[in-house]
Amino acid sequence: AENLFLHRRWSGSGLDGWIEAHKPEQTIRIGDTDPNENYRIGKTFPDLEVQISGKAQRLSELEGTLVIDLWASWCAPCMKALPHINDLAEAYEGTGITIVAVSVDRERADARRALKSLDTPQFVSAWAGREAMDQAHVKSIPSVFIVDENLEILSYFNGYTDGDTRIEDKLDALLEKKAQSLEERP
């Protein structure tokens, strides 16, 4: 550091001044969508093969707008978010929105055991295994994608904190936009 001061590569305010001058303009709180993740919007979500009720199925076979929650039993924030995901499934039932909780646990039995903590899951419970994280290009969970019927990514959210309303805010906006477009039709 002293060498850098001598050659005037840093200001006289020292290391603290250099850090202040070079800190990122935007900080990300836990639960915020990482602005660097916006590249996902408009891309196609992988048509994962998942196990639903013991049967192999593709995400593209599910109807309507999908909310895809990638989670695992060993992930504390995921387990904390599952009741919220369940509430969303109940709240948006009959709206053309399907909530799918896709477990990325190594073993399907781990996901089944974790889901027993919920009284009656309202969402579509699916298992895809660890490979689903790689296929979806996510490094951390919970990761929630909102995709249209063509699996085009409309929104992406990473992490979960109590009181998080990002998903329902986006879903409400999508439903409002859909209602407006229906009203505008002759």
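Taking R0 as 22 Å, what FRET efficiency do you get between Glu183 and Lys43 from their Cβ-Cβ distance, rounded to the nearest 0.05? Efficiency, rounded to the nearest 0.05: 0.15. Each Cα pair under 8 Å and six or more residues apart adds its sequence gap; the mean of these over the residue count of region 91-186 is a relative contact order of 20 percent. Ellipsoid semi-axes for region 103-186, based on the Cα gyration tensor and the rule √(5λ), read 29, 16, 14 Å when sorted largest first. Per residue, region 102-186 exposes an accessible area of 59 Å² to a 1.4 Å probe, with every protein chain left in place.
Pairs from the table (Lys139/Lys178; Lys55/Lys116; Lys116/Lys170) lying more than 22 angstrom apart at Cα are Lys139/Lys178; Lys116/Lys170. Packing here is the average count of other Cβ atoms within 10 Å per residue, and on that basis the peptides 115-123, 146-154, highest first, run 146-154, 115-123. When restricted to Cα atoms, region 32-186 yields an Rg and a Dmax of 14.9, 51 Å, respectively.
Measuring r between the beta carbons of Arg58 and Glu168 and using R0 = 25 Å, the FRET efficiency lands at 0.40. Computed over protein heavy atoms with a 1.4 Å probe, the carbon and sulfur contribution to the accessible area of region 70-186 reaches 48%. For region 128-165 and region 75-124, compute the distance between their C-alpha centroids and round to whole Å. One Cα centre to the other: 13 Å.
Only beta bridges with both residues in region 65-186 are counted; by DSSP, about 50 percent of them are antiparallel.
The values are calculated or read from the model by the stated rules, or taken from the named source; none is laboratory data. Since we're looking at a predicted model, the values are computed, not measured. So basically every Cβ, Gly included, is an ideal-geometry build from the backbone, and we count neighbours across all protein chains shown. These accessible areas exclude ligands, DNA and RNA; they are computed on the full protein's heavy atoms, side chains included. Shrake-Rupley method; radii C 1.70, N 1.55, O 1.52, S 1.80 Å.
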